[in-house]
Amino acid sequence: MEFLQIVAFMLLIAGAVLVFGARKIVRKYGLDRKAKCNFEHEMTEEELENYKINKAVVNTKMLGMLVALPGIVLILVLFK
């Protein structure tokens with residue numbers, strides 16, 4: 001039981017770090033350059049840059065929530 005509690009908290013912490021540090025992670029690793037935009041000809045250069053940054057940040061936050069979700073479920077089950 002203790003091992004599962006530790007795993008649950010580690011998953012929760014890792015997910016929280018990804019969610020709250022998403023913007024820094026995107027800037028550090030240049031994830032905004034890899035973001036695709038299907039309608040880039042309809043935007044100005046500044047709008048396109050903001051769109052790609054925001055898209056990469058949202059994708060990183062979603063990944064963080066997917067990492068934290070098993071931890072949340074484990075915590076709910078273990079501390080019932």
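Things to note:
- Of the labelled figures [x] 16.7, 55; [y] 12.3, 37; [z] 13.1, 41, only one reflects Rg and Dmax of the Cα atoms in Å as derived from the coordinates, namely [x].
- Each stretch of four or more DSSP H residues adds -39500 (n - 2.57); spread over every residue of the chain, this sum gives -26500 deg cm²/dmol at 222 nm.
- Highest to lowest packing among 39-52, 13-26, scored as the average C-beta count within 10 Å: 13-26, 39-52
- Lysines with Cα under 23 Å of residue 55, excluding same-chain neighbours fewer than 8 positions away: 24, 28, 34, 36
- Listed by chain and number, the aspartates and glutamates whose C-alpha is less than 20 Å from the C-alpha of residue 61, apart from same-chain residues fewer than 8 away, are 32, 49.
Taken together, the values in this text are just the output of simple stated rules run on the coordinates, not laboratory data. Every value quoted in this text rests on a predicted model; they were computed, and no experiment measured them. Counting neighbours? That spans all protein chains shown, and the Cβs are built from the backbone with ideal geometry, glycine included.
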